[in-house]
Structure formats: C-alpha cells, structure tokens
Amino acid sequence: AQTVTQSQPEMSVQEAETVTLSCTYDTSESDYYLFWYKQPPSRQMILVIRQEAYKQQNATENRFSVNFQKAAKSFSLKISDSQLGDAAMYFCALNNAGNMLTFGGGTRLMVKP
Amino acid sequence: NAGVTQTPKFQVLKTGQSMTLQCAQDMNHEYMSWYRQDPGMGLRLIHYSVGAGITDQGEVPNGYNVSRSTTEDFPLRLLSAAPSQTSVYFCASSRRGFSATEAFFGQGTRLTVV
C-alpha cells in the first residue's frame, strides 16, 4: 500500500514572502508520479505541479517549485512571492498504479496581507 | 464549458434513502473515478473505471455502486445512505491514467445524510 503524509495541517505566510509545504510518502515502486493540487474555497481541484520520479530535475511552474528527494521520499512545495490568491488547501498526491491517486490529508495555507 | 460536470452540487438525504450522483465528461477520457473528501483525510478513492464496461474498487468502496455504460458517464449510486457517507464527493477523469496526464476534477457534490 502507498501512503502520503502532510504533517502541517495549517501554514501561514506574509504576502510576497516564500513558504514551503511538506509532504512525505511511501511506496514500494521505483517508478511513480507525484502531484500538488490546490483547492480554493470554490472546492475546485487545480493541478499545481507534477513530478515524475525517474526525473532527477525538480519541477518548476512559475512561482511554484518542488524539492524532490527520492531517497528520503520527500516532496515539498515551495511558493515564492506569495499572493492572496494562493490561499487554499494544498494536497500532495502519489500515483504508481496508473489508476489511483493517493492523497495526503492536506495543508491549509493562509496568506496575510 | 468543457470538462467534468457533476450533479447535484448539494444534497441532503435521510438515512436509508438511495440516490445517484451524476458525472459526465466531454473530453473523451478513458479513465474516470470517484473520490470522497473528509476533513483531515484528503481524498480517498471509491471506485474507478478504465473504459466503458470496466470498473474496479478503490480504497473505500463499501456502500457504493458504479457502472460505465458509455465513455462520457460514470454515475455513483448510494444504495442505502448512512450518516458515515456524509462527505464531499468528487468525480475525476483523465486520458489514460493519472500518471502521465492531468486529472480533471468536477466541482464536487456536498452530501449530508441525516
């Protein structure tokens, strides 16, 4: 079985500053995919960033980047220049079966003006 | 708008009642799935389908049925609602599995069982 753990139920950041959300996972597979999803109050699930495990280079999407440590099974999300619109629930997710996403419990990010 | 459409957005049921949550996608995606979201537990997979006529169980399938008669539709049936099924339900689809492509989610259905 695969598991995903987000140890920070809530985080806060000052607008324009940087914040890092933590995620650890466990899987017996060597090839898998990791994702960060954002869920604003509208409930819509929005893909933020994706990382393929066989790629050593950390994924980056504009202000969002990841620190992927395969040996440590760690997959943190860094948000730079935080904006008010970044306030949301963030979910880390793992897929190694092709059909199933396993989600962490989520981190609620608050952005202070 | 193209994407994944779930209906209804809100529903209140009495214990023992049955209902069907509807999910439709117009992107010709092979993969569709249902998740439930509970506080502190993220989203958990209920059932999924890799194509018309093919379904399989996820992590928490008890109390739910699915069928996939067409590529576009993937309804979720609650046979006899229980308070433990109070949750937010999401339908998702993707082209060939979540590993390679983005999963598109519906807006969710908030279900309350009293």
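Every number here is computed from the coordinates shown, using simple stated rules; none is lab data. Just so it is clear, the structure is predicted and the values come from calculations on it, not from any experiment. Note that we place each Cβ from the backbone using ideal geometry, even for glycine, and neighbour counts take in every protein chain shown.
Entry remark, the stretch A:1-11: residues being exposed (fewer than 13 other Cβ atoms within 10 Å of the Cβ) and more than 10 Å from every other protein chain (Cβ to nearest Cβ) number 3 in total. Identify, from the list B:Arg44, B:Arg77, the residue that is without any contact (Cβ under 8 Å) to a residue 24 or more places away in the chain, under 19 Å from B:Gln6 (Cα atoms), part of a strand (DSSP E or B) and not aliphatic (A, V, I, L, M). None of the other options fit; the residue is B:Arg44.
Under the condition of being under 27 Å from B:Val114 (Cα atoms) and touching a residue at least 40 places away in the same chain (Cβ under 8 Å), the residues counted in the stretch B:25-41 number 6.
Of the residues making up the stretch B:31-48, those that are crowded, with 17+ Cβ neighbours inside 10 Å and either more than 9 Å from chain A (Cβ to nearest Cβ) or among the hydrophobic types (A, V, I, L, M, F, W, C) (or both) are B:Met32, B:Trp34, B:Arg36, B:Leu43, B:Leu45, B:Ile46, B:His47. The single residue among A:Met100, A:Met89 that is at the interface with chain B (Cβ under 10 Å from one of its Cβ atoms) and assigned to a loop (DSSP other than H, G, I, E, B) turns out to be A:Met100. Restricted to the stretch A:12-25, and to residues there that are part of a strand (DSSP E or B) and within 15 Å of the chain's Cα centre (by Cα), the residue that is surrounded by the most Cβ atoms within 10 Å (Cβ to Cβ) is A:Leu21.
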